[in-house]
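Working notes, beginning with the structure itself.
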Amino acid sequence: MARALRLAEQATLRARPNPRVGCVLLHEGQIVGEGATQAVGGPHAEVLALRAAGAKARGATAYVTLEPCAHQGRTGPCSQALIEAGIARVVCAATDPNPQAAGGLAQLAQAGIATAAGLYADAAQAINPGFHRRLAGGRPWVRLKLAGTLDGRSALPDGRSQWITGPAARRDGHRWRARSCALVTGSGTVLADDPAMTTRAVTGPSPLRVLVDRRGRVPATAQLFDDAAPSLHLRGAQWTPAAVLAALAERDCNEVLVEAGPQLSGAWLEAGVVDELIVYQNPSLLGEGQPLLALGLPAELAQRWRLAIHDRRQFGADLRIMARPHRQPPQA
């Protein structure tokens with residue numbers, strides 16, 4: 001299963017909006033086939049593993065990171081493919097939260113195939129946080145990216161921020177863009193920097209570029225609207241964080257990255273929709289300037305936002321901190 005999880009991770013940049021899945025077939029103690037999710041419309045992990053195994057699939061055990069699908073979508077049901085290949089046992093890590101595709105384990109059991117679920121379930125769900133969040137909770141997984149100095153400044157007072165972090169940190173930020181289905185920004189960022197919001201620094205697909213422009217200030221000539229990647233221009237005061245996420249969920253967006261100025265960043269955090277923060281700290285001091293994000297003043301120190309850090313890494317001179325907020329947003 002550990003090998004299947006590594007295969008699933010290899011599908012990170014190509015699988016969307018499908019989940020990243022890995023499959024390994026074991027026969028008499030030997031790996032006879034393996035596969036990982038291909039681009040939309042391509043074969044699923046189980047089908048690739050079965051093709052690689054050929055006749056050796058009969059009597060083998062399949063280790064798969066997500067319950068084999070049981071429905072006819074862009075491709076046929078993987079559960080049926082496993083049955084027809086003569087697989088003897090299927091072990092999956094996570095069950096499928098998609099009601100249209102779930103039921104694969106039940107189909108396999110009805111066909112006389114031994115089944116088990118839950119092996120490395122947490123690790124499997126961590127590979128597809130947005131898929132599980134959207135299918136089970138109705139909205140994508142949201143990451144908020146912030147970059148600033150050690151004294152918490154993200155830009156000069158006039159909004160200029162290119163570049164606070166170094167090239168290694170910026171490349172890492174582009175990798176997070178490449179794994180996201182959508183990239184959300186605000187009008188202030190576009191008017192100040194006219195960013196392209198693409199993955200030009202790395203090899204990988206650019207996400208849907210989403211501009212939240214509540215006052216309709218951004219002209220159609222902005223670089224965000226060029227043909228380098230698809231764009232979505234959301235004008236009007238109705239585009240709250242919840243409304244934006246609902247619209248993106250309807251577009252099958254699993255993971256959303258927010259790269260914006262302090263006002264929009266603070267609003268999304270205070271709305272309680274941010275699941276994870278990606279914070280790049282540059283070892284410099286700016287003094288006067290814009291903050292990382294604008295938050296309301298808590299009445300007591302104990303009400304401040306607290307973060308659970310789960311990863312720290314160095315990129316050139318910059319430190320990247322991955323953290324999850326665990327203060328509940330204020331009740332309306």
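The values are calculated or read from the model by the stated rules, or taken from the named source; none is laboratory data. Note that the structure is predicted; figures quoted are calculated from it, not measured. Heads up, the Cβs are rebuilt from the backbone with ideal geometry, glycines too, and the neighbour counts pull from every protein chain shown. Remember, those area values only see protein heavy atoms, side chains included, never the ligands or the DNA or RNA. Shrake-Rupley method; radii C 1.70, N 1.55, O 1.52, S 1.80 Å.
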For Ala126, the lone unmet condition from (1) over 25 Å from Ala2 (Cβ atoms); (2) open to solvent by 50 Å² or more (accessible area, probe 1.4 Å); (3) small (Gly, Ala, Ser) is (1)
Close pairs (7 angstrom Cβ cut-off, 6 or more residues apart or separate chains): closer than 19 Å to Ile113 by Cβ in region 42-58, buried (at least 20 other Cβ atoms within 10 Å of the Cβ) and of a type in the set (S, T, N, Q) anywhere:
His44/Thr37; Ala45/Thr37
Which residues, taken from region 246-302, are aliphatic (A, V, I, L, M) and free of Cβ contacts under 8 Å to residues at least 60 places away in the same chain?
Ala247, Ala267, Ala271, Ala294, Leu295, Leu297, Ala299, Leu301, Ala302
The number of residues in region 162-182 that are open to solvent by less than 40 Å² (accessible area, probe 1.4 Å) and under 19 Å from Gly148 (Cβ atoms) is 10
Regarding Arg200, is this residue farther than 21 Å from Gln290 by Cα, modelled with pLDDT under 95 and among the basic types (Lys, Arg)?
yes
Only residues that are farther than 19 Å from Leu191 by Cα, open to solvent by 20 Å² or more (accessible area, probe 1.4 Å) and either out of contact with any helix residue (DSSP H, G or I) (no Cβ under 7 Å at 6 or more places or on another chain) or basic (Lys, Arg) (or both): list them for region 231-251, please.
Gln238, Thr240, Ala242, Ala243, Ala246, Ala247, Glu250, Arg251
Would you pick out the residues in region 202-221 that are open to solvent by less than 50 Å² (accessible area, probe 1.4 Å) and assigned to a loop (DSSP other than H, G, I, E, B)?
Val202, Gly204, Pro205, Ser206, Pro207, Gly216, Val218
When residues of region 252-271 are limited to those that are aliphatic (A, V, I, L, M), within 21 Å of Pro129 (Cα to Cα) and crowded, with 23+ Cβ neighbours inside 10 Å, the one nearest to the chain's Cα centre (by Cα)
Val256
In region 78-87, is there at least one residue being buried (at least 19 other Cβ atoms within 10 Å of the Cβ) and touching a residue at least 60 places away in the same chain (Cβ under 8 Å)?
yes
Which members of region 284-308 meet the condition of being open to solvent by less than 80 Å² (accessible area, probe 1.4 Å) and within 29 Å of the chain's Cα centre (by Cα)?
Gln290, Pro291, Leu292, Leu293, Ala294, Leu295, Gly296, Trp305, Ala308
Can you find, within region 6-44, the residue that is surrounded by the fewest Cβ atoms within 10 Å (Cβ to Cβ) among those that are in a loop (DSSP other than H, G, I, E, B) and of a type in the set (Gly, Ala, Ser)?
Gly29
